[in-house]
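J.: I have a structure here, written as structure tokens, and I will follow up with some questions on it.
The values are calculated or read from the model by the stated rules, or taken from the named source; none is laboratory data. Bear in mind that the values here come from a model prediction, so they are computed numbers and not experimental data. FYI the Cβ positions are ideal-geometry reconstructions off the backbone, even for glycines, and counts take in every protein chain you see.
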Amino acid sequence: MTLRSKPLMMSLLRHSRDRQSEMVRLLGEFVRCESPSHNKAAVDRFARIVAREWRRRGATVRVLTQKKRGDLVRAELWLGEGKPDGQIMVLGHLDTVYPLGTISGMPFHVTNGCAWGPGTFDMKGGIVLALFAADALRKAQCKPRNRLVFLWTSDEEIGSEDSRRAIESEARRSEAVLVLEPSLGRDGRLKTARKGVGMAEIVVTGKSAHAGIDPENGVNAVHELALQIARLMKLNDPRRGITVQSTVISGGTVSNVVPEGARAEVDIRYARMADARRLDRALHRIRPILKGARVEVRGGINRPPLERTAAVQELFHHAQSLMREAGLSLNEAATGGGSDGNLTGALGVATLDGLGAVGDGAHSPRERVMIRRLPERAALLAGLLATL
């Protein structure tokens, strides 16, 4: 990594601030094009809009078609001279958690210095930042030594099952990965560590019987599930960053019948990859406690953790020094939530997360981004792309 002179960051920041109103306008267009993860047609519509914006900027764009989920967009820019030394990957997602029609009751609007609406913060604001970072690089006549590849996936909010291969393939060709997930807190902290994520389902099958006349002939699936949940709770170890939570439970039919079926969804978080293997083994070693009950475990460990390695620390300190050159501060944090950055970090590729918009209220009616911080974040991304 080589730092450029202080005037570079000031120039990138000035160019970005000059276009703040355009950023907000484009963000509004993006947010009004709803893109829930499970609706392929909707995500594909948004993918076409994002592809259009990259083509307008001279990028080489490929739409990676998917059968089940929305299409992915890969945009490549080479602004240097001769042949690139390598590749820097910028990663984000097109999908949101909000169902179609949310925009009617939660419309995009600007008030109190913020842009509000479904997906503004997580993470359509991040896609806007990438586009305007590319503009700032051209305006400042920067010539990065690396090829820039921007990958926009379509199912991050539901586990990235269909996007994972493309993410990992692109990351293996990259020197570093910059993830445009939202920042943490109103001060815009970057995310240098994330917990890994596991999602499991425990399905119990018992035997129905009359709850009053012959309960002894039944096998209570709800009782079995409760015993299994109590056993799972013993896996919690906050000191090691391990949390295991039963989050959704169902079972039984009517009050006077011994329940034949019950199920629970389980959320698992862990800070170290070594713990992931142990947790997965413990989960799949579950055996019935009540005589006659059957227990099935589906799912398990999904995303590895993003650990704060020396390479991650180096990336963060580089970003921090760039912001300092622009007269701005930048801090870091760890978070329990996962992202696609977990996948790239697990490959050993230096990954810096949380480079997206500054705001609050992700996945809620209060979702918003701070407008005055958009140019700062675009300049930071541009500075990283120019100097890595």
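J.: Is it true that R186 is free of Cβ contacts under 8 Å to residues at least 12 places away in the same chain, surrounded by fewer than 17 Cβ atoms within 10 Å (Cβ to Cβ) and not hydrophobic (A, V, I, L, M, F, W, C)? Before the answer, list the steps.
T.: Working: free of Cβ contacts under 8 Å to residues at least 12 places away in the same chain: no; surrounded by fewer than 17 Cβ atoms within 10 Å (Cβ to Cβ): yes; not hydrophobic (A, V, I, L, M, F, W, C): yes.
No.
J.: Another question about this same structure. So how many residues does segment 223-266 have that are in contact with a His (Cβ under 8 Å, 6 or more places away or on another chain) and more than 15 Å from G206 (Cβ to Cβ)?
T.: Selection size over segment 223-266: 1.
J.: Which members of segment 207-218 meet the condition of being crowded, with 19+ Cβ neighbours inside 10 Å and out of contact with any Gly (no Cβ under 8 Å at 6 or more places or on another chain)? Write out each step before concluding.
T.: Of segment 207-218, the ones crowded, with 19+ Cβ neighbours inside 10 Å are 218.
Across segment 207-218, there are no qualifying residues.
J.: Okay, moving on. Would you pick out the residues in segment 267-304 that are more than 16 Å from A200 (Cα to Cα), at pLDDT below 95 and either assigned by TED's automatic domain parsing to the domain that holds A379 or of a type in the set (K, R) (or both)?
T.: R272
J.: Assuming G82 fulfils every condition listed in (1) surrounded by fewer than 18 Cβ atoms within 10 Å (Cβ to Cβ); (2) modelled with pLDDT of 95 or more apart from one, which condition is it?
T.: Looking at each condition in turn, G82 falls short on (2).
Conditions tested, residue by residue: (1) touching a Leu at 6+ places or on another chain (Cβ under 9 Å); (2) assigned by TED's automatic domain parsing to the domain that holds C142; (3) free of Cβ contacts under 8 Å to residues at least 24 places away in the same chain; (4) under 21 Å from I167 (Cβ atoms).
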site: L12; (1), (2), (3), (4): yes, yes, no, no
site: R25; (1), (2), (3), (4): no, yes, yes, no
site: V43; (1), (2), (3), (4): yes, yes, no, yes
site: G80; (1), (2), (3), (4): no, yes, no, no
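J.: Do we find a residue being of a type in the set (A, V, I, L, M) and assigned to a loop (DSSP other than H, G, I, E, B) anywhere in segment 143-161? Even if it seems obvious, please write down each step before you answer.
T.: So in segment 143-161, the residues of a type in the set (A, V, I, L, M) come out as 148-149, 151, 158.
Now restrict to residues that are assigned to a loop (DSSP other than H, G, I, E, B): none.
Scanning segment 143-161 turns up no residue that is of a type in the set (A, V, I, L, M) and assigned to a loop (DSSP other than H, G, I, E, B).
J.: If you don't mind, there's one more thing I want to ask. Search segment 168-195 for residues being assigned to a strand (DSSP E or B) and among the small types (G, A, S), and hand back the single one that is farthest from A334 (Cα to Cα).
T.: Of all residues in segment 168-195, those assigned to a strand (DSSP E or B) come to 176-179, 184, 189-194.
Filter once more, keeping what is among the small types (G, A, S): 176, 193.
Numbers: A176: 19, A193: 5 Å.
Selected residue: A176.
J.: Please work out which one of (1) surrounded by 19 or more Cβ atoms within 10 Å (Cβ to Cβ); (2) within 23 Å of G337 (Cβ to Cβ); (3) of a type in the set (G, A, S) is the condition A221 fails and give its number.
T.: (2)
J.: Consider Q245 carefully, then state whether it is of a type outside the set (A, V, I, L, M, F, W, C), surrounded by fewer than 17 Cβ atoms within 10 Å (Cβ to Cβ) and closer than 16 Å to G300 by Cβ. Even if it seems obvious, please write down each step before you answer.
T.: Values: of a type outside the set (A, V, I, L, M, F, W, C): yes; surrounded by fewer than 17 Cβ atoms within 10 Å (Cβ to Cβ): yes; closer than 16 Å to G300 by Cβ: yes.
Yes: the conditions hold for Q245.
J.: Those residues that are closer than 15 Å to I127 by Cβ and without any contact (Cβ under 8 Å) to a residue 60 or more places away in the chain, I need them from segment 52-62; list them, please.
T.: R52, R55, R56, V61
J.: Return the residues of segment 314-332 that are under 23 Å from I167 (Cβ atoms) and surrounded by 15 or more Cβ atoms within 10 Å (Cβ to Cβ); say none if nothing qualifies. Spell out the reasoning first.
T.: Restricting attention to segment 314-332, the residues satisfying the condition of being under 23 Å from I167 (Cβ atoms) are 314-316, 318-319, 332.
The answer is L315, F316, H318, A319, E332.
J.: If I ask for residues that are in a loop (DSSP other than H, G, I, E, B) and of a type in the set (S, T, Y), which ones from segment 196-212 would you list? Let's see the steps before the verdict.
T.: Of segment 196-212, the ones in a loop (DSSP other than H, G, I, E, B) are 206, 208, 211-212.
Residue satisfying the conditions is S208 alone.
J.: Okay, moving on. Check R263, R239 and return the single one that is outside any strand (DSSP E or B) and either charged (D, E, K, R) or surrounded by 12 or more Cβ atoms within 10 Å (Cβ to Cβ) (or both). First the steps, then the outcome.
T.: Values: R263 fails: outside any strand (DSSP E or B).
Step by step, each of R263, R239 is checked, and only R239 is outside any strand (DSSP E or B) and either charged (D, E, K, R) or surrounded by 12 or more Cβ atoms within 10 Å (Cβ to Cβ) (or both).
J.: For segment 115-130, how many residues meet the condition of being in a helix (DSSP H, G or I) and either more than 11 Å from G92 (Cβ to Cβ) or not assigned by TED's automatic domain parsing to the domain that holds R372 (or both)?
T.: Final tally of qualifying residues: 2.
J.: Could you pull out the residue among G92, G58, G101 that is buried (at least 21 other Cβ atoms within 10 Å of the Cβ) and assigned by TED's automatic domain parsing to the domain that holds S154?
T.: Result: G92 is the single residue among G92, G58, G101 that is buried (at least 21 other Cβ atoms within 10 Å of the Cβ) and assigned by TED's automatic domain parsing to the domain that holds S154.
J.: If you scan segment 52-66, which residues turn out to be under 20 Å from V128 (Cβ atoms) and in a strand (DSSP E or B)? Before you say what the answer is, go through the steps one by one.
T.: Here is the first cut: in segment 52-66, the residues under 20 Å from V128 (Cβ atoms) are 52-59, 61, 63.
Correct list: V61, V63.
J.: Now for a separate question. Checking A230 against (1) part of a strand (DSSP E or B); (2) surrounded by fewer than 16 Cβ atoms within 10 Å (Cβ to Cβ); (3) among the small types (G, A, S), which single condition isn't satisfied?
T.: All conditions are met except number (1).
J.: Right, something else. Just to check your reading of the model, which residue among L352, L381 is touching a residue at least 40 places away in the same chain (Cβ under 8 Å), in a strand (DSSP E or B) and in the same structural domain as P144 (by TED's automatic domain parsing)?
T.: Numbers: L381 fails: in a strand (DSSP E or B).
Exactly one of L352, L381 is touching a residue at least 40 places away in the same chain (Cβ under 8 Å), in a strand (DSSP E or B) and in the same structural domain as P144 (by TED's automatic domain parsing), namely L352.
J.: Considering (1) within 13 Å of A193 (Cα to Cα); (2) buried (at least 18 other Cβ atoms within 10 Å of the Cβ), say which one A310 fails and leave the rest.
T.: The failed condition is (2).
J.: Within segment 190-198, is there a residue that is over 18 Å from G338 (Cα atoms) and of a type in the set (S, T, Y)? Write out each step before concluding.
T.: Going residue by residue through segment 190-198, those that are over 18 Å from G338 (Cα atoms) are none.
No: zero hits.
J.: Within segment 269-286, can one find any residue that is within 21 Å of the chain's Cα centre (by Cα) and part of a strand (DSSP E or B)?
T.: Quick first cut of segment 269-286, residues within 21 Å of the chain's Cα centre (by Cα) only: 269-273, 276.
Those left that are additionally part of a strand (DSSP E or B): 269-270.
Looking for residues that are within 21 Å of the chain's Cα centre (by Cα) and part of a strand (DSSP E or B), one finds at least one in segment 269-286, hence yes.
J.: Could I ask something else about it? Can you go through V349, V358, V369 and tell me which one is closer than 19 Å to A176 by Cα and β-branched (V, I, T)? Spell out how you get there, then give the answer.
T.: Working: V358 fails: closer than 19 Å to A176 by Cα; V369 fails: closer than 19 Å to A176 by Cα.
After ruling out the rest, the residue left standing is V349.
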